[in-house]
Amino acid sequence: MISTFLKCAALAMTVSLASAQNEGRGVSARLVYFEQSSGDPSELFFNRNGEFVKCSPSGSVGITPVTCPVDASGKVVFTRTGGPDQVVATATVPASVSEAVFFFLRNPASAKGAPYQILVADESLKTLPKGGSFVCNLTPRTARVSLGEARYVLLPGKPVFVKRPEQKDAYNMAPLQMQIQAEGEEWKNLKDTMLRFSDNERYFIVTHMEGGKQPTVKIYKQVVQEKAAPAAP
């Protein structure tokens, strides 16, 4: 089920996936565990020109990005060991995306296949400018979000990019409220808080049922640094 929602999210964020003509391209990616826990592998590997390169995902969207090669089908495959076996997760990278956050989302223990799915969030300043927010609903239920003066209804798998609120208090803060549609058409509050919107920060807000449990809203704040070349893993 989670796989279906992630595919919908990918479709909503891009018109097309990578094609053969994009072979050899790379993506500058921050590797982030959603709700990081002690059970998450501290090291993963991806294939770069036939050599498996080690990388270390984090729980923060401020982690230094690494350059991951994208294959001809638009994918980046992560494994548990320095070889093609034991696939942990596969990211599908839209052709238009060259800078992204890869959110590793844990599948339910009963699920077959890889233990994680990956949500690819475009973090280019063109798509997500300073002060903006990326909001995505990865639950099987309809959600709605109120962020500053903006109002959205998010279907399952639906992401939205929200500009910096214009209506803020004296401390540059604006309200965030997220609700999810429960049984009987009722709306259940998931998050009701205030966020500070400085001109050099942005947010990633993801609603997800981690491991098949109850819906969780995770808020990541990222300070936008001067652009630097991605570090080698």
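Before moving on, here are some points about what is shown:
- Label point distance in nm, Arg80-Arg48, each placed 7 Å from Cα along Cα→Cβ: 2.4 nm
- Relative contact order of the chain, pairs being alpha-carbon contacts under 8 Å that are 6 or more residues apart, as %: 20 percent
- Residues whose amide H lies under 5 Å from that of Met173, counting only those 5 or more places away or on a different chain, are Phe197; hydrogens are built 1.01 Å from N in the peptide plane.
- With each label modelled as a point 7 angstrom along the Cα→C-beta vector, the Ala170-Lys218 pair spans 3.7 nm.
- Cβ-to-Cβ counts within 10 Å put Arg25, Arg164, Arg196, Arg151 in ascending order as Arg151, Arg196, Arg25, Arg164, the fewest first.
- Part-to-part distance (alpha-carbon centres) for region 154-221 and region 100-117, which is given in Å: 22 Å
- Helix 2-13 axis, angle to the chain major axis (alpha carbon atoms, nearest 10°): 80 degrees
- Per-residue HN-Hα couplings for region 97-106 [Karplus 6.51, -1.76, 1.60; θ = phi - 60°; Hz; x = Gly/Pro]: 9, 10, 9, 7, 9, 9, 8, 8, 10, 6
- A helix-only calculation puts the chain at -1500 deg cm²/dmol for mean residue ellipticity at 222 nm, using -39500 (n - 2.57) for each DSSP H run of at least four residues, averaged over all residues.
- Set of lysines near Lys163 by C-alpha distance (under 27 Å), chain-local residues within fewer than 8 positions excluded: Lys7, Lys126, Lys130, Lys188, Lys191, Lys218, Lys221, Lys227
- Here Asp71 and Asn200 are evaluated by their C-beta separation; at R0 = 45 Å the FRET efficiency comes out at 0.85.
- 3J(HN,Hα) from dihedral phi, region 130-140, Karplus parametrisation 6.51/-1.76/1.60, rounded to Hz, x for glycine, proline: 4, x, x, 9, 9, 10, 9, 9, 10, 9, x
- When Glu210, Glu183, Glu149 are arranged by Cβ crowding within 10 Å, least crowded first, meaning fewest neighbours, the order is Glu183, Glu149, Glu210.
- Most simply put, the chain has about 80% antiparallel DSSP beta bridges, counting only bridges with both residues inside it.
- For Gly26, the residues whose modelled amide H falls within less than 5 Å of its own, excluding neighbours fewer than 5 places apart on the same chain, are Val70.
Read the figures in this text as sums done on the coordinates, not as results from a lab. Quick caveat: nothing in here was measured; it's all calculated off a predicted structure. So basically every Cβ, Gly included, is an ideal-geometry build from the backbone, and we count neighbours across all protein chains shown.
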